[in-house]
Amino acid sequence: MNKYFYPCDFLLPKENFEKWAVVACDQYTSEPEYWQNVENFVGNAPSALNIILPEVYLQKDNSQRISNINAKMQEYIENDVFQKVEDTFIYVEREVSGGKIRKGIVGLIKLDDYSYEKGAKTLVRATEATVIERIPPRVEIRKDAALELPHVMLLIDDENMTVIEPLSQKCDDFKKVYDFDLMQQSGHIKGFAVDKNTVNTIQTALEKLVDGKQDKFLFAVGDGNHSLATAKECNSLYATVEIVNIHDCSLEFEPIYRVLFNVEPEKLIADFVAAHGEYYGEDAQKFTCCYGDTVKEISVKPTGKLAVATLQTWLDKYLEQNADVKIDYIHGQDVVHSLSRQPNTLGFIFDGMQKSELFPAIKQDGSLPRKTFSMGNACDKRFYIEARLNK
């Protein structure tokens with residue numbers, strides 16, 4: 001049997017999970033008050049807050065903060081803060097916005113199976129373009145860290161729900177390792193250490209998803225791609241991740257629209273249509289263009305699997321040639337319409353990606369443009385709970 005996902009020796013806090021668990025470091029980057037509230041809530045208790053670097057605090061020189069993080073990791077290890085949960089997967093049930101339950105399994109992947117290069121044919125693939133400039137500061141944080149804390153989420157394409165969903169019927173047979181409310185009104189979470197037989201069952205079910213396929217594409221990075229890239233740059237052998245089924249009812253993909261500033265809207269639209277050709281075939285890609293009080297529909301021949309890929313590929317070249325033009329990535333059509341009423345502003349609205357399109361789009365285009373889709377609110381992102389010795 002090919003093993004694509006591996007059990008782990010986890011370190012969990014012995015007590016006070018509510019103060020230990022903290023949301024992913026790349027959230028609330030424009031809201032320092034959020035992180036101040038976390039700091040106030042945690043106080044002097046052991047917490048993941050003290051061994052991560054929230055990106056809201058990133059500076060040109062992070063050396064003192066990183067030194068403090070490394071020292072705190074050693075302190076937690078030496079002061080017996082952790083309990084060990086050995087050689088297992090942790091099955092997770094996480095309440096997210098709207099009361100839905102997102103199910104996942106935490107374990108290890110081999111970093112030899114991952115690449116962030118566009119077009120890579122690896123088992124684990126990035127969904128969006130990797131921003132290389134974001135890796136070096138993360139390497140500085142990780143390279144001497146004694147502990148790894150994951151916020152990476154990988155997606156599997158398991159339409160028949162054979163891997164994760166059956167575990168919900170077996171919870172009573174597993175050892176519960178945590179069950180608590182997440183801080184800042186971020187829902188509730190439960191974790192269960194699965195037994196040895198179930199470890200094997202999970203590995204077999206994952207293998208069957210790609211068994212016999214020439215292109216063995218099993219995991220798409222839903223969140224935390226730059227953390228995986230950093231681990232790879234640090235020559236780590238494994239990375240801790242949570243796998244989630246893309247067909248989980250709690251996962252909702254929302255499109256992220258584009259608004260451009262300092263443009264002549266009608267000229268830009270004409271240039272875009274001219275570059276692709278006005279086209280109304282069955283595979284045509286349609287866009288709603290908003291500027292001033294005008295709402296204009298256009299239809300072009302696709303150059304990417306998704307409408308956003310066709311648009312963004314062209315916009316990237318346009319922005320290179322027009323340095324005074326600015327772009328923003330917007331959630332919600334009402335916000336696009338509102339912003340586009342400003343002079344010299346143009347908004348593009350288009351159909352969002354369906355969940356069923358993600359894996360085929362990555363196979364065809366290699367990776368998606370950045371800011372293709374949003375997967376849940378900030379408060380629904382993964383929290384740091386499980387730790388492991390960094391090796």
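General observations
- Check on Ala145, over 20 Å from the mean Cα position of the chain (by Cα), among the small types (Gly, Ala, Ser) and surrounded by 16 or more Cβ atoms within 10 Å (Cβ to Cβ): yes
- Residues of the stretch 326-335 that turn out to be open to solvent by 40 Å² or more (accessible area, probe 1.4 Å) and not in a strand (DSSP E or B), as a count: 4
- The residues of the stretch 373-391 that are modelled with pLDDT of 90 or more, open to solvent by 10 Å² or more (accessible area, probe 1.4 Å) and part of a loop (DSSP other than H, G, I, E, B), listed by number, are Lys381, Arg382.
- Applying the set (1) open to solvent by less than 10 Å² (accessible area, probe 1.4 Å); (2) modelled with pLDDT of 95 or more to Ala284 leaves exactly one unmet item: (1).
- One residue stands out among those in the stretch 73-103 that are assigned to a helix (DSSP H, G or I) and crowded, with 18+ Cβ neighbours inside 10 Å: the one that is nearest to the chain's Cα centre (by Cα), which is Met73.
- Any hit, the stretch 225-233, residues being among the basic types (Lys, Arg) and assigned to a helix (DSSP H, G or I): yes
- With respect to the conditions (1) open to solvent by 60 Å² or more (accessible area, probe 1.4 Å); (2) among the aliphatic types (A, V, I, L, M); (3) assigned to a helix (DSSP H, G or I), Ala323 falls short on a single one, namely (3).
- Any hit, the stretch 104-114, residues being open to solvent by less than 70 Å² (accessible area, probe 1.4 Å) and assigned to a loop (DSSP other than H, G, I, E, B): no
- The set of residues from the stretch 184-223 being open to solvent by less than 10 Å² (accessible area, probe 1.4 Å), within 22 Å of Lys381 (Cα to Cα) and not in a strand (DSSP E or B) comprises Ser186, Leu218.
- Of the set (1) surrounded by 18 or more Cβ atoms within 10 Å (Cβ to Cβ); (2) assigned to a loop (DSSP other than H, G, I, E, B); (3) in contact with a Phe, Trp or Tyr (Cβ under 9 Å, 6 or more places away or on another chain), all apply to Asp158 but (3).
- Subset of the stretch 287-320 that is open to solvent by 40 Å² or more (accessible area, probe 1.4 Å) and part of a loop (DSSP other than H, G, I, E, B) - its residue that is farthest from Glu128 (Cα to Cα): Asp293
- Within the stretch 39-65, restricting attention to residues that are surrounded by fewer than 16 Cβ atoms within 10 Å (Cβ to Cβ) and of a type in the set (Asp, Glu), the residue that is nearest to Glu75 (Cα to Cα) is Glu39.
- Being outside any loop (DSSP other than H, G, I, E, B) and over 27 Å from Tyr238 (Cα atoms) is a description that applies to Asn37.
- Scanning the stretch 40-60 for residues that are assigned to a helix (DSSP H, G or I), under 22 Å from Val81 (Cα atoms), among the aliphatic types (A, V, I, L, M) and out of contact with any strand residue (DSSP E or B) (no Cβ under 7 Å at 6 or more places or on another chain) returns a single hit, Val42.
- Taken over the stretch 349-372, the criterion of being closer than 21 Å to Cys289 by Cα, open to solvent by less than 60 Å² (accessible area, probe 1.4 Å) and in a loop (DSSP other than H, G, I, E, B) is satisfied by Gly352, Met353, Pro369, Thr372.
- Residue, surrounded by the most Cβ atoms within 10 Å (Cβ to Cβ), within the stretch 123-132, restricted to residues that are touching a residue at least 12 places away in the same chain (Cβ under 8 Å) and among the β-branched types (Val, Ile, Thr): Val124
- The set of residues in the stretch 351-372 being modelled with pLDDT under 85 and either among the small types (Gly, Ala, Ser) or under 21 Å from Cys25 (Cβ atoms) (or both) consists of Gly366, Ser367, Arg370, Lys371.
- In the stretch 234-281, the residues that are part of a strand (DSSP E or B) and open to solvent by 60 Å² or more (accessible area, probe 1.4 Å): Tyr238, Glu254, Glu278
The values are calculated or read from the model by the stated rules, or taken from the named source; none is laboratory data. For clarity, every value in this text was computed on a predicted model and none was experimentally measured. Note that each Cβ is placed from the backbone with ideal geometry, even for glycine, and that neighbours are counted across all protein chains shown. With ligands, DNA and RNA removed, areas are computed over all heavy atoms of the protein, side chains included. Shrake-Rupley method; radii C 1.70, N 1.55, O 1.52, S 1.80 Å.
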